[in-house]
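See below for the structure under consideration.
Quick note: the coordinates plus some simple rules give every number you see, no bench work behind them. The structure displayed is predicted, hence computed values, not measured ones. Here the Cβ is made from the backbone with ideal geometry for all residues, glycine too, and neighbour counts use every protein chain on show.
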Amino acid sequence: MAGDGLINAIKDPRDEYNRRVADRKRSLEHEDRIDRRIWLWRRIIFVVIAIMIVVAFERLIAPWWLAAPVIAFIWLMATHQQVHRRRDRLKRAVRFYERGLARLEDGWAGSGETGERFADKHHPYSEDLDIFGNGSLFELLSTTRTRAGEEKLAGWLLSPAPVETITTRQHAVEELRSKLDLREDIALLGSDIQSGIHHEDLTSWSTAPPLLTSRFIPVIAGLIGIYAFTSVILWLGFGYRQLAFAGLILIMLFMFRYRNQVSRIIADVERPSRDLFLLAEILGRIESEKFESDALTRLRSALESDGQPPSRQIANLARLTQILDSTRNQFFAPIAFLLLIHAQIAYAIDRWRQKSGAGIAGWLEAIAEIEALNALAGYAYEHPHDPFPELVEGEIRFEAEALGHPLIPESRCIRNDVSLGSVTRVMIVSGSNMSGKSTLMRTVGVNAVLALAGAPVRAKNLRISPLAIGASIHILDSLQTGASRFYAEITRLRQIIELTKGGLPVIFLLDEILSGTNSHDRRIGAEAVVKGLVERGAVGIVTTHDLALTQIEATLGDRAINVHFEDQLKDGRIEFDYRMRPGVVTRSNALELMRSVGLEV
């Protein structure tokens, strides 16, 4: 999918972000002026009320004259709260677009969600390609508000999707690309820009068995509560102590029977209840949006339900938990005790769970997928010249023109062409230190991850077939496990070879293969590994400092090519152009680098 029409329609996102930042700041300045005026008038009216109270005590005015300023003060308080909410939302909007500008200006690293909880040292490429962590691909992409959305996005980056799934995601991302208002609205929902939904708590709570099953419980609790409350009023007003005593006994008997169930329901709902209003707002915003692509239409239909929409149902549950919180107020708590409000709310929550709880998992799954698609759409919007890859089936393919690394600032990103397929199966990359060999492999790997997740890629164009990715780039020894770097590397190589037994052809990325052993064993071992991978239908890239390994080309014939990166020594400084050239490198910079740091060689 080229998406040329949409790319032409989208101008520089910097202009739109800057325009929106300026607009939100102007609105914020307007609200600040209103805030200062209300603050001043609240204090003026407060002083007026205080003076009028003193005057009223002196019987110079009637007390009812206080009504007007008191009503005005209450109205100003309510209006002030609305102004504060608008100011907070505008501040979050400014931060939202400033973060977008930071991504465009390459100042985003370290300011977002790094996804380190998804990192797995045993995954065949996540650590090697900087998928998670500070300055990672996940941090660049993730704009989700729910943990389920984060998990969905992480899952897409860790596992290539089938062609049909990738195609449907591309259509959805293309539709969402221009929906900047939707991304802003979702980002600003909730009281805190860092708030999120912990779907594990909600899902486990929603599927728990009911605890209060008798439908007579709220009737009994209501009757006892009315009797107890009335009897206490009669006791305080007319001295009917026996009636009040009887009411309290009834309350104690009821609580003795149902205390454990009520306490359990209240305790269980406390943690997931913190996410309910945000969940209701996200659901409501998605429910109000119209979609056209197949994936988004399917996800939107997953939020359809008989009767009330999911957002309304979640909002009803949120209001129940809010009432429950209000019963902890020291003034309302005695009344709540007499009316058995805890029991009645607990029953209502349990009934809600029985009626609507089964839908929560599906609603969260739909939200998670929409959020993951929206994250990819945000990346697509901010990089309008990055195309969607062309997906091909049949012969294995990775053919890229002007391929660049998406984590390198565009101003410093040097692009190269890479072609791996039915003829060329292996690129053997030689070159000096720091010349760009490892970066090339990461560039290929990260763009393959983006392509197979359904996102645009950093290239002029890319033709790619479904692939499994295996990388050995960032392999270290481990003191904890007692494993040397060489052992860790050969373990990873075995893992990559095991990938070739799966249903997808493999693209392998091997940096300084077998550098932890002597040159004789390295030559024999590297040639055997690379040849074995090619024989199993894999394609890939191998980098090396050891020029002896460039002879692998002679063993594999037309299936392998040698390419290299080189450097130039100018005025005592080593300069790199990071351009890939055909053939084997003819010089090394190791001695120059050693001399440049002061070593006498």
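Between helix 437-453 and the chain, what is the angle of the helix's C-alpha long axis to the longest principal axis, kept within 0 to 90° and rounded to the nearest 10?
50 degrees
Between beta-carbons, use under 12 Å as the cut-off and find the net charge around I349, counting Lys and Arg +1, Asp and Glu -1.
That sum, taken over residues with Cβ under 12 Å, equals +2.
Which aspartates and glutamates have a Cα lying under 15 Å from the Cα of K91, excluding residues fewer than 8 positions away in the same chain?
Here the aspartates and glutamates satisfying the reach criterion relative to K91 are D23, E29, E31, D32, D35, E184, D185, D192.
Can you give the FRET efficiency for R485 and L547, using 1/(1 + (r/R0)^6), R0 = 30 Å, r = Cβ-Cβ distance, to the nearest 0.05?
0.90
Nearest 5 is fine: what % of DSSP beta bridges in the chain come out antiparallel, could you say?
Looking only at bridges with both residues in the chain, the antiparallel portion is about 40 percent.
Take T213 and V55, extend 7 Å from each Cα along the Cα→Cβ direction, and tell me the distance between the two endpoints in nm.
6.8 nm
Treating only the Cβ atoms of Lys and Arg (+1) and Asp and Glu (-1) as charged, compute the dipole magnitude of the chain about its Cα centre; round to the nearest 20 debye.
Around 2600 debye, computed over the chain.
Take the alpha carbon atoms of region 108-123, find their center, do the same for region 272-343, and report the distance between the two centers in whole angstrom.
31 Å
Suppose R0 equals 22 Å; then what is the FRET efficiency for D12 and A402 from their Cβ-Cβ distance, rounded to the nearest 0.05?
After rounding to 0.05, the efficiency reads 0.65.
Calculate the FRET efficiency for R257 and M77 from the Cβ-Cβ distance with a Förster distance of 56 Å, rounded to the nearest 0.05.
Calculated transfer efficiency: 0.80.
Can you give the net charge of the other residues whose Cβ lies under 9 Å from the Cβ of F118, counting K and R as +1 and D and E as -1?
Result for the local shell: -3.
For the chain, what is the calculated [θ] at 222 nm in deg cm²/dmol (nearest 500), taking -39500 (n - 2.57) for each run of four or more DSSP H residues and dividing by its residue count?
Numbers: 21 runs with 333 residues, N = 601.
Result for the chain, helices only: -18500 deg cm²/dmol.
Just to be sure I understand the model, the point goes 7 Å from the Cα along the line to the Cβ. What's the resulting H385 to S159 distance in nm?
Distance between label points: 3.6 nm.
Helix 276-287 against the longest principal axis of the chain: what's the angle in degrees, Cα atoms only, rounded to the nearest 10?
The two axes meet at around 70 degrees.
Cα to Cα, under 20 Å, and not fewer than 8 places away if on the same chain: which aspartates and glutamates meet these conditions relative to K121?
E113, D130, E139, E150, E151, D477, E489, E498, D511, E512
Between S263, W352, G133, whose Cα lies farthest towards the positive end of the dipole of the chain when Lys and Arg beta carbons carry +1 and Asp and Glu beta carbons carry -1, centred on the Cα centre?
S263
By the scheme Lys and Arg +1, Asp and Glu -1, what is the net charge of all other residues having a beta-carbon under 14 Å from that of P69?
Working: positive: R42, R43; negative: none.
For residues surrounding P69, the net value is +2.
Nothing charged except the Cβ atoms of Lys and Arg (+1) and of Asp and Glu (-1): what's the magnitude of the dipole of region 199-374 about its Cα centre? Round to the nearest 20 debye.
My answer is approximately 1040 debye.
Between the helical axis of 241-270 and the dominant principal axis of the chain, each derived from Cα atoms, what acute angle in degrees is found, rounded to the nearest 10?
So the inclination is approximately 10 degrees.
Does a label point 7 Å from the Cα of H474, set along Cα-to-beta-carbon, have any residues of region 391-433 with amide nitrogen under 15 Å, and which are they?
Zone members listed by number: 406-408.
As an exercise, identify the GluC sites (Glu not before Pro) in region 354-454 lying in DSSP coil whose Cβ has no more than 12 other Cβ atoms within 10 Å.
E393, E395
Taking the Cα of D577, stepping 7 Å toward and past its beta carbon, and measuring to each backbone N in region 417-454: which are under 20 Å?
The answer is 417-419, 429-441.
How compact is the chain by the rule of thumb for globular proteins, expressed as Cα Rg over 2.2 N^0.38 Å?
1.31
Would you mind finding the longest exposed-site-free stretch of the chain, with exposed chymotrypsin sites (Phe, Trp or Tyr not before Pro) meaning DSSP loop and at most 14 other Cβ atoms within 10 Å?
Here the longest segment lacking exposed loop sites spans 333-601.
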